[in-house]
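A.B. asks: The structure is given below, and queries will be raised subsequently.
The values are calculated or read from the model by the stated rules, or taken from the named source; none is laboratory data. These figures come from a predicted structure and were not determined experimentally. When we count neighbours, we look across all protein chains shown, and the Cβ atoms used for this are built from the backbone with ideal geometry, even at glycine.
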Amino acid sequence: MNRVTKTASRIPVSRPSRRSFVKSFSLAAGSTFPAIVPASVFGATAPSNRVNLAAFGVGGRGTADTDAVNTHPDARFLAVCDCYESRRLAAKQKWDKLYGGDYVKMYSNPWEVLQRKDIDAVVIATPDHWHTPLAIAAARAGKDIYVEKPLSVAMKWSWLLRDEVKKNNRIVQYGTQQRSNKAFRYACELVRNGYIGQVKRVDAWCADISTQYSAASVYRYGSLRSIPVPRDLDFDLWCGPSPVRQYTADRCTPYGAYHIYDYALGFIAGWGAHPLDIAQWGLDADHTGPIFYEGTGSLPRYGLFDTTETWDIHCYYANGVTMRFMDFRTAQPAVTKYLPRWNDHGTTFFGSDGWVSVDRRGVQASRESLKEVVFGGKDKRLYESYHHQRNFVDCVKSREQAISPLEAAIRSDTISHLSDIVVRTRRPIQWDPEREVVVGDEAASKMLDRPMRPKWAV
């Protein structure tokens with residue numbers, strides 16, 4: 001093993017905001033495309049070499065994803081589907097201007113989009129409860145899939161997606177983003193190559209609902225008061241496969257979509273997907289996961305929002321590695337005992353010869369030399385991508401696996417789901433990652449599935 005530590009450049013540690021972090025992937029290191037590409041450049045790309053896409057959901061996250069795709073002239077959106085008419089229109093006008101013509105068609109029915117033979121791939125950035133149903137339908141229609149995190153509100157939906165993707169030979173990119181950032185790849189390469197010795201345990205933590213208390217119209221947990229549905233919104237489509245409830249000021253907002261159990265598991269999955277994905281990557285566990293879960297957590301006691309609020313879950317792998325998965329309020333007193341710089345999210349790997357921690361501000365380590373390693377010829381190097389959406393477009397063309405493939409998504413998502421079940425049932429869970437079943441707990445096992453509303457079922 002070659003451990004040279006003098007000539008490598010240091011990992012960047014500048015701190016972006018969450019919004020600027022999204023933009024940083026859109027204009028990642030090595031990308032030569034400007035944020036707004038002139039229409040003349042798009043005209044220079046041969047149609048036979050262009051990836052034609054449809055966008056499902058063009059709110060905040062969907063806008064970030066589609067803007068990132070649109071930095072590349074060999075990709076073009078031909079269709080947009082959103083529950084809000086104003087968002088559909090805004091996206092069409094923006095993209096038609098960018099492309100220099102009347103290219104984009106608007107849809108209010110997702111199934112109509114998928115019938116188009118000229119669509120190669122889809123970008124799914126809807127609320128969480130629509131991610132997997134749309135991805136399943138897209139796979140059946142022969143479309144490649146970029147799907148936002150978290151993957152699903154029900155593990156059985158994710159397993160069905162796996163079947164359809166395999167059957168139809170589709171490319172899937174999971175939108176966790178961080179594998180396309182060199183700091184996260186570097187940290188995982190340190191772990192994989194034994195620079196911290198034998199891995200013993202992992203800390204993984206992320207933001208929780210408390211970061212968004214002020215966003216609700218009613219303090220902390222959202223309004224329960226029924227009000228008329230805005231004329232701009234197709235509420236039936238927004239609810240989709242989930243139950244239709246009374247409309248309130250906080251329901252069809254990003255915060256309602258994140259923190260209402262009908263549509264999501266909360267930030268235990270929506271934010272937890274990020275540090276858990278990196279934990280799995282560093283542990284070389286993309287095809288497996290922990291076998292036992294135990295811990296504590298809490299749910300809101302009033303209001304509209306009813307997803308898991310706090311959690312402290314201990315996860316045990318078959319090889320003896322343990323992981324502590326926490327909300328950031330629980331994590332802070334534990335993590336700041338060893339981390340010189342605190343952040344509200346991160347993944348720390350502890351080995352027999354030190355530790356390395358990574359978040360969106362960069363890498364921290366038990367000794368400075370770990371941040372200056374130059375990997376040698378005998379070291380294992382991980383999949384390299386500097387732009388998540390660019391990697392997806394490239395893989396649509398090459399038919400190679402994307403950097404954040406479906407199997408990795410399913411396995412990291414499983415950790416969120418089982419952790420949530422521990423909180424809700426208040427008891428430990430034994431898990432068989434080979435058969436993907438809960439062992440000896442029928443009630444917990446049933447929580448891995450949800451019925452779909454027939455009108456929008458897949």
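A.B. asks: Restricting segment 272-287 to residues that are out of contact with any Phe, Trp or Tyr (no Cβ under 9 Å at 6 or more places or on another chain) and part of a loop (DSSP other than H, G, I, E, B), which is surrounded by the fewest Cβ atoms within 10 Å (Cβ to Cβ)?
C.D. replies: HIS287
A.B. asks: Separate question: Quick one: which of GLY100, GLY142 is surrounded by fewer than 24 Cβ atoms within 10 Å (Cβ to Cβ), in contact with a helix residue (DSSP H, G or I) (Cβ under 7 Å, 6 or more places away or on another chain) and more than 25 Å from SER398 (Cβ to Cβ)?
C.D. replies: Result of the check over GLY100, GLY142: GLY100.
A.B. asks: Which of the residues belonging to segment 316-334 are under 19 Å from GLY266 (Cα atoms) and surrounded by 18 or more Cβ atoms within 10 Å (Cβ to Cβ)?
C.D. replies: Of everything in segment 316-334, those that are under 19 Å from GLY266 (Cα atoms) and surrounded by 18 or more Cβ atoms within 10 Å (Cβ to Cβ) turn out to be ARG324, PHE325, MET326, ASP327, PHE328, THR330, ALA331.
A.B. asks: Just the residues that are outside any helix (DSSP H, G or I) and either charged (D, E, K, R) or on the phi > 0 side of the Ramachandran plot (or both), please, taken from segment 115-160. Walk me through how you get there before you give the answer.
C.D. replies: So the first thing to find is which residues in segment 115-160 are outside any helix (DSSP H, G or I), and the list is 115-127, 141-154.
Passing the criteria: ARG116, LYS117, ASP118, ASP120, GLY142, LYS143, ASP144, GLU148, LYS149.
For every residue, the table says whether it meets (1) touching a helix residue (DSSP H, G or I) at 6+ places or on another chain (Cβ under 9 Å); (2) more than 28 Å from GLY266 (Cα to Cα); (3) surrounded by 16 or more Cβ atoms within 10 Å (Cβ to Cβ).
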site	(1), (2), (3)
SER369	no, yes, no
LYS380	yes, yes, no
HIS388	yes, no, yes
GLU400	yes, yes, no
ALA409	yes, no, yes
SER416	yes, no, yes
LYS455	yes, no, no
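A.B. asks: Every residue in segment 92-114 that is out of contact with any Phe, Trp or Tyr (no Cβ under 8 Å at 6 or more places or on another chain), assigned to a helix (DSSP H, G or I) and closer than 24 Å to ILE136 by Cα, please.
C.D. replies: TRP111, GLU112, LEU114
A.B. asks: Could you list, in sequence order, the residues of segment 308-333 that are aromatic (Phe, Trp, Tyr) and outside any helix (DSSP H, G or I)?
C.D. replies: TRP311, TYR316, TYR317, PHE325
A.B. asks: Considering each of SER416, SER366, SER357, SER352 in turn, give the residue that is more than 30 Å from ASP120 (Cα to Cα) and in contact with a Phe, Trp or Tyr (Cβ under 7 Å, 6 or more places away or on another chain).
C.D. replies: Matching residue, one of SER416, SER366, SER357, SER352: SER366.
A.B. asks: Okay, moving on. Of these, CYS188, CYS206, which one is farther than 30 Å from TYR247 by Cβ, touching a helix residue (DSSP H, G or I) at 6+ places or on another chain (Cβ under 7 Å) and assigned by TED's automatic domain parsing to the domain that holds LEU418?
C.D. replies: Just one listed residue meets the conditions, CYS188.
A.B. asks: Can you tell me which of (1) modelled with pLDDT under 95; (2) buried (at least 18 other Cβ atoms within 10 Å of the Cβ) is the one PRO254 doesn't meet?
C.D. replies: (2)
A.B. asks: If you scan segment 54-82, which residues turn out to be crowded, with 24+ Cβ neighbours inside 10 Å and not in a helix (DSSP H, G or I)?
C.D. replies: Within segment 54-82, ALA54, ALA55, PHE56, GLY57, VAL58, ALA75, PHE77, ALA79, VAL80, CYS81, ASP82 meet the criteria.
A.B. asks: Next question. Let me confirm something: among GLU372, GLU384, which residue is in contact (Cβ under 8 Å) with a residue 24 or more places away in the chain and in contact with a Ser or Thr (Cβ under 8 Å, 6 or more places away or on another chain)?
C.D. replies: GLU372
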